[in-house]
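Okay, so here's the structure we're looking at.
The values are calculated or read from the model by the stated rules, or taken from the named source; none is laboratory data. Values in this document were obtained by computation on a predicted structure and should not be read as measured data. Cβ placement follows ideal geometry from the backbone for every residue including glycine, while neighbour counts extend to all protein chains displayed. The area values use the complete protein model at the heavy-atom level, side chains included, leaving out ligands, DNA and RNA. Shrake-Rupley method; radii C 1.70, N 1.55, O 1.52, S 1.80 Å.
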Amino acid sequence: MSIVILETERYAVGDGDAFIKLTLPRLNEDGCALEKNFSSYYGNLKRGFDKYVNAFLAPSAAKRQGAPYGASVNTVLCRETDKLLSLYTDVLLSDGKGTRQGRRAILWDKTTGNAVNPKNLFLKGAKRKIISLLQEELQLKSEKSSVPLYGDALPKLKSQFEWENFYLSPDSVIFFCEGNVLCQGYVPYPIPVSYKRLEEFFTIEALENLSLT
């Protein structure tokens, strides 16, 4: 059973001018190592979102003509092992300037309660080889899905690679770029790389924490 529960709240601001949806996690275990940092992280995220809604979105929505504005925060539990917890949160905004979406991924150490620096899962010097794998996977995914990439997608994938931009699935590490970086569209673009292909680049500790040994 997961130690995380996802809770959803929906409400409108103003006279139905903007519709808000929040899906955020909470822990169902009191006194666990994660309690302080986990609660602080998602509490700060919610306060920042509420500030944006009240200070910017709601006043703008009240003046709008046409369809209601909206914003959402959606957290997804991606993978949980005995030692690690992987989640990402998407923030979606529709505010008269178009629709925009951003993704923030985080990896937690359940034993210490601290966020994990993602690059510490990998051996020193692995970055260049991992980027090469990502470029291969990106081309294959594009061919299979018939989604045309921008002409400079491969060099952009290299120049905009960030260790923080990945989350874990049951069988892969899912790296991602924000929307409109690799191809047209505001939705973040995921690039899965299987644990098997990455296995030689993981540290021994990472292999154990990911339950791959």
Counted residues in the range 4-25 being surrounded by 15 or more Cβ atoms within 10 Å (Cβ to Cβ) and at pLDDT 95 or above come to 6
Cβ-Cβ distance below 6 Å, separation of 6 or more or different chains: which pairs start in the range 99-122 with a residue that is closer than 20 Å to Pro190 by Cα and end on one that is open to solvent by 30 Å² or more (accessible area, probe 1.4 Å) and aromatic (Phe, Trp, Tyr)? Thr99/Tyr186; Arg100/Tyr186; Gln101/Tyr186; Arg103/Tyr88; Ala105/Tyr88; Pro118/Trp163; Lys119/Trp163
Of Leu140, Leu182, the only residue that is exposed (fewer than 13 other Cβ atoms within 10 Å of the Cβ), of a type in the set (A, V, I, L, M, F, W, C) and over 26 Å from Lys124 (Cβ atoms) is Leu140
Among the listed residues Phe166, Phe202, Phe175, identify the single one that is in contact (Cβ under 8 Å) with a residue 60 or more places away in the chain, within 14 Å of the chain's Cα centre (by Cα) and open to solvent by less than 20 Å² (accessible area, probe 1.4 Å). Phe166
How many residues does the range 26-49 contain that are open to solvent by 30 Å² or more (accessible area, probe 1.4 Å), assigned to a helix (DSSP H, G or I) and over 12 Å from Thr112 (Cα atoms)? 7
Show the residue pairs that are 6+ apart or on different chains and have beta-carbon atoms under 8 Å apart, the first residue being within the range 1-15 and within 19 Å of Leu107 (Cβ to Cβ), the second being among the small types (Gly, Ala, Ser) and surrounded by 12 or more Cβ atoms within 10 Å (Cβ to Cβ). none
